[in-house]
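Taken together, the values in this text are just the output of simple stated rules run on the coordinates, not laboratory data. Only a predicted model underlies this, so the values are computations on that prediction, with no experimental measurement involved. Here Cβ is always computed from backbone atoms with ideal geometry, including for glycine, and neighbour counts include all displayed protein chains.
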Amino acid sequence: MPSSTSPDQGDDPEACVLRFSDLDLKDSSFINPSSSLKAELDGRTKKKYSFAKKKAFALFVKTKEVPAKRSFECKEKWWKCCQQLFMDQSSIHRHVATQHADEIYHQTASILKQLAVTLSTPKSLTSADKKNPLKECLAHSHEVSSWLPDISCFSPDELISGQSSDEGEVLLYYCYRDLEDPHWICAWQTALCQHLHLTGKVRIATEGINGTVGGSKLATRLYVEVMLSSPLFKDYLCKDDFKASKGGPHCFPELRVGVFEEIVPMGISPNKISYKKPGVHLSPGEFHKEVEKFLSQANQEQSDTILLDCRNFYESKIGRFQSCLAPDIRKFSYFPSYVDKNLELFRGKRVLMYCTGGIRCERGSAYLRAKGVCKEVFQLKGGIHKYLEEFPDGFYKGKLFVFDERYALSYNSHVVSECSYCGAQWDQYKLCSTSQCRQLVLTCAACQGKGFTACCATCQDKGNRQSSGLTQDSFKEECECTARRPRIPREFSWHAQHPVRPGPNVGEGGPVLV
């Protein structure tokens with residue numbers, strides 16, 4: 001696997017991009033350096049701190065590059081960050097220096113740690129590694145550029161078309177496999193997505209990769225071809241592992257590629273709960289038969305089967321399998337605590353688990369199995385996405401929530417949620433109108449027309465006061481109604497949740513987009 005270059009090999013920012021990753025450092029799951037990082041590192045690495053910081057800064061700026069709209073043929077570059085467009089280098093530098101100091105600090109720490117590992121690697125180990133066929137292959141083509149597809153036969157317009165949902169596509173995929181150099185893979189993925197004009201989010205860890213990217217159909221096809229031919233993933237991924245839906249680059253504000261401890265944030269180290277011990281995978285057809293058998297039982301509450309939705313409450317609110325158990329949790333990282341608090345619910349049960357694309361079930365089922373209380377644990381392979389491709393009018397009713405600016409995909413005509421204000425059937429999410437709130441709200445067109453555009457009464461009042469001239473500084477960044485929602489709910493009877501659960505009343509709290 002290509003390793004990080006020593007600082008003695010030059011300060012060229014362009015070359016740096018091939019060696020270090022663009023980390024999404026707003027996520028707390030990063031392995032954060034301690035405040036005494038410099039003191040803990042060996043003397044040689046400490047001397048390289050200023051070098052590493054310079055490289056971290058150059059890399060961060062480099063990964064925000066977008067083609068200048070004036071001409072796709074010229075070498076002129078613009079930069080896009082925080083949904084702002086910067087047309088000269090000094091302005092993007094000022095923005096990064098003032099708004100992203102923490103990210104630069106963390107990425108500097110990551111580069112220093114990578115250097116420390118490289119410098120401390122025994123020569124005997126390096127020699128032994130060369131006997132590995134995969135490592136030999138990577139050693140001969142260690143530059144990121146050699147892992148990018150040839151696009152010289154395509155015009156820029158062909159690659160960047162797809163601004164409408166009919167012309168573009170969004171891919172959803174994941175691959176669990178042990179990766180030895182996630183930082184190099186991160187640099188490769190950043191370069192690959194930029195090369196193909198893709199936007200989206202890609203998470204990389206030593207346990208694998210998880211991505212959702214949007215672009216033209218040509219760009220997504222080339223991306224899939226590269227992934228399937230890559231020595232790293234060709235034996236682990238197949239074409240069916242990529243879930244496609246109508247969309248495009250406009251579905252994401254930017255490209256974010258980062259190295260994390262987990263490729264899906266469950267909040268437990270992969271060393272403790274491994275993806276290698278999941279539940280039994282069921283194809284959409286097999287899962288459909290199991291659900292059909294479960295629903296045909298006269299008394300489902302006394303059944304030995306639980307149909308478990310592993311997603312967050314705002315996802316299951318607008319679409320779910322009939323008669324499922326949908327935990328009222330806000331983040332997947334709460335799922336382990338939910339299982340612990342409701343362990344007796346699962347004792348002696350056959351559990352049928354599902355999520356959007358299957359990734360959360362991989363480690364969620366492993367956690368549930370590790371508790372040793374379930375009779376059996378099954379999971380839907382490919383998630384709801386693949387199920388709906390095969391059974392659009394099956395047992396899943398309503399929309400499929402997605403984590404991009406589309407918010408949801410529609411495969412059937414069922415509406416299972418309600419307007420939070422009047423109770424009318426409604427399943428189209430919008431962001432709360434209070435500027436600093438990140439909650440999603442279900443408010444129908446009629447209620448929006450009456451000015452009810454916030455997630456709860458508290459935020460509605462905030463919005464009214466803001467329009468009266470009060471500054472935003474007088475408001476909390478998080479919605480106060482969230483505090484009323486139990487972090488980890490206790491289920492007294494799993495079947496107490498009705499097949500079609502009503503939406504929350506105003507003031508009870510609303511779904512949060514995280």
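What number comes out for the charge environment of GLN428, summing +1 per Lys or Arg and -1 per Asp or Glu over other residues with Cβ under 14 Å away?
Working: positive: LYS317, LYS399, ARG406, LYS430; negative: GLU405, GLU418, ASP427.
Net of charged neighbours comes to +1.
Looking at the range 273-347, the trypsin sites (Lys or Arg not before Pro) that sit in a DSSP loop and have at most 15 other Cβ atoms within 10 Å of their own Cβ are LYS276, LYS331, ARG347. Taking amide H atoms as placed 1.01 Å from N in the peptide plane, the amide H of VAL257 lies under 5 Å from those of VAL202, each 5 or more residues away in sequence or on another chain.
Per residue, how much space in cubic angstrom lies within the convex hull of the C-alpha atoms of the range 294-333?
On the way: hull volume 2.8 nm³, N = 40.
It is 69 Å³ per residue.
Each peptide in 79-92, 146-159 receives the mean, over its residues, of other Cβ atoms within 10 Å, and ordering these scores from highest gives 79-92, 146-159. Max-minus-min Cα coordinates of the range 234-345 on each principal axis give 49, 33, 32 Å, with the largest extent listed first. Normalised by residue count, the range 334-455 yields a Cα convex hull volume of 140 Å³ per residue.
What net charge is computed for the residues neighbouring CYS310, neighbours being all others with C-beta under 14 Å from the C-beta of CYS310, Lys and Arg scored +1, Asp and Glu -1? Can you show the working numbers first?
Details: positive: ARG311, ARG320, ARG330, LYS331, ARG360, ARG363, ARG369, LYS381; negative: ASP309, GLU315, ASP328, GLU362.
It works out to a net charge of +4.
When all alpha-carbon pairs of the range 206-258 are counted, what percent fall beyond 18 Å? It works out to 36 percent of all Cα pairs.
Would you calculate the convex hull of the Cα atoms in the range 366-426 and tell me its volume per residue in Å³?
Numbers: hull volume 9.6 nm³, N = 61.
Dividing the Cα hull volume of the range 366-426 by its residue count gives 157 Å³.
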